[in-house]
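Read the structure below first, then the notes.
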Amino acid sequence: MADGKSDANQDKEIEKNPFPEVVKGFYEGSLLVSTPAILDPRFHKAVIYMISHNEKGAMGLIINKPMEELDFHEIVTGISLKDNQKKVNQTVLFGGPVEFERGFLLHSSEYCLSGTTIKLGGQYNLTNDTKALKDICKGNGPVSRLFTLGYAGWYGGQLEKEILEDSWLVAKADPSIIFGENFSEKYEISLGSLGVKNAYFVNESGRA
């Protein structure tokens, strides 16, 4: 996984990519499910929704790692709520190590801010605008959503190489998984959708 390399550095690595032939298809709109081959603790048992994936690289949001110590309302307004004030029911998730200071709102398609919201196709939109976050605090935000700090990124050819090395399985994206609040169960549910019942499967149990 890329850790926030500059565009110039990424371009250099793309040019040096020795695996152009492994590109069998792109996984935008799918879920990546980590396998035991992933040694980076930040991606241990991670489930990632793929925002984009093409020959230049890939970007996704980890959807199952809540950051319980962070309060959504305080992130948005900078003000801590008093004990007698109702807190917004919105979990802050660790979306990945790249641009961790930025927030990303993945949400259902009925909510859209003109000129800001990116339509991902189908049932999902992506918005990076404080107005959307304030709308959530006011109860006017999207019906289904998840909010992350940071994202996971790969330079061109890197994700394909990792998939060939059995570091990731690819699963079909399902709104019930993506927007569900059962964060501790998303990994097992995602594996189950692929017919994998044991989290400690051998790498050869299924090549994406």
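In summary, helices (runs of 4 or more DSSP H) completely within segment 149-208 and bearing 2 or more residues that are among the charged types (D, E, K, R) and at pLDDT 90 or above occur at 158-164, 186-193.
I'm checking my understanding of the structure. Among residues of segment 36-64 that are part of a loop (DSSP other than H, G, I, E, B) and over 16 Å from G153 (Cβ atoms), which one is modelled with the highest pLDDT? Before the answer, list the steps.
Taking segment 36-64 and keeping what is part of a loop (DSSP other than H, G, I, E, B), we get 36-40, 44-46, 55-56, 63-64.
Narrowing further to those that are over 16 Å from G153 (Cβ atoms): 36-37, 39, 44-45, 64.
Numbers: P36: 91, A37: 90, L39: 90, H44: 95, K45: 95, N64: 98.
Filtering first and then ranking leaves N64.
The set of residues in segment 104-126 being surrounded by 12 or more Cβ atoms within 10 Å (Cβ to Cβ) and closer than 20 Å to G180 by Cβ consists of F104, L105, L106, H107, S108, S109, Y111, L120, Q123, Y124, N125, L126. Taking residues in segment 136-155 that are more than 16 Å from G60 (Cβ to Cβ) and without any contact (Cβ under 8 Å) to a residue 40 or more places away in the chain, and partners anywhere that are part of a strand (DSSP E or B) and not aromatic (F, W, Y), the pairs with Cβ atoms closer than 7 Å and at least 6 places apart or on different chains are P142/H107; P142/S108; V143/S108; S144/H107; S144/S108.
The values are calculated or read from the model by the stated rules, or taken from the named source; none is laboratory data. Not measured: the values here are computed from a predicted model. Virtual Cβ from ideal backbone geometry, glycine too; neighbours counted across all protein chains shown.
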